[in-house]
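Q: Here you go, one structure.
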Amino acid sequence: MKVFIEKNYDQLSKRAADMIAGEISKKPNSVLCLPTGSTPIGTYRELSGMYAAGKVDFSGIVTFNLDEYIGLRQDDENSYHYFMHHHLFDHINIKQGNAYIPDGLSENMEEACKNYDVKLDLYNEKDLLLTGIGQNGHIGFNEPDDRLFARTHTVLLSENTRAANARLFENADDVPKVAITMGIADIMHFKKMIIIANGTAKAAIIKDLLTGRMVDTHNTSSLTYLHNDVTVILDEEAASLL
Ligand code: PGA
């Protein structure tokens, strides 16, 4: 694992955006995996700025999002569909049909999971995954458990995750209890992984990840020890327990 500790969130975001833009200029039809959450907002702002300045062209890329809440309409401000349009897709020239996000509104979630896997299987080469990390170590919504799903599945969110995300909802009870997420096998199939984390709330899990040296299904992020191209970008607060 390569680890970069940046002075602050803006520097972290800039480094992540530079790596993503570099990948796209090397391979304009890159297949990317993208996260939601507070952590990537700065990275998306940087990428949008680079596009506005004519420094990067997103017209050939394909993106897969990690996850989506079940039951929120796409125009709900807390849905990840809304998030991606608001923070990135509306500001760049990605082709509409090239941005895949799991379907949290299907009447048949089993079928929705299979459909996402079928879309993932269309692309043999998956190039770069960007992800945040939960305070419990989750990647996407792969919550701590004795066994982890390989592929797209529905998940009952942990109380820890619901509490961490409650800040974005009017009432804590409004945080959906269930979600759909890409599984760990598909996450690991991306050739490069970038994990970003900022703030003191992430310091303990980052310490666990970087000093634990164990693969533990109760800390999904530790599965990245099995991957050979992982870059972790932190701000000083997230790195404060190292
Ligand atoms: P955050 O979420 O970026 O909002 O901290 C990260 C995650 O839960 O994966």
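The values are calculated or read from the model by the stated rules, or taken from the named source; none is laboratory data. Model, not experiment: these values are computed from the prediction. Here Cβ is always computed from backbone atoms with ideal geometry, including for glycine, and neighbour counts include all displayed protein chains.
Q: Residue under question is SER106, and the condition is that it be over 22 Å from ALA17 (Cα atoms), modelled with pLDDT under 95 and not aliphatic (A, V, I, L, M); does it hold?
A: When the stated conditions are applied, SER106 does not pass them.
Q: Can you find a residue that is touching a His at 6+ places or on another chain (Cβ under 9 Å), over 24 Å from THR152 (Cβ atoms) and within 16 Å of the ligand (Cβ to nearest atom) anywhere in region 34-42?
A: The answer is yes, given that some residue of region 34-42 is touching a His at 6+ places or on another chain (Cβ under 9 Å), over 24 Å from THR152 (Cβ atoms) and within 16 Å of the ligand (Cβ to nearest atom).
Q: Which residue pairs have Cβ atoms closer than 6 Å, lie 6 or more positions apart in sequence or on different chains, and pair a first residue in region 209-232 that is of a type outside the set (A, V, I, L, M, F, W, C) with a second residue that is loosely packed, with under 14 Cβ neighbours inside 10 Å and outside any loop (DSSP other than H, G, I, E, B)?
A: Hits for this filter: THR231/LYS2.
Q: Turning to a different aspect of this structure: Among what's in region 128-177 and is more than 14 Å from the ligand (Cβ to nearest atom), touching a residue at least 40 places away in the same chain (Cβ under 8 Å) and closer than 16 Å to SER221 by Cβ, pick the residue that is surrounded by the fewest Cβ atoms within 10 Å (Cβ to Cβ).
A: ASP145
Q: Does TYR123 satisfy the condition of being surrounded by 14 or more Cβ atoms within 10 Å (Cβ to Cβ) and away from the ligand (no atom under 16 Å from the Cβ)?
A: yes
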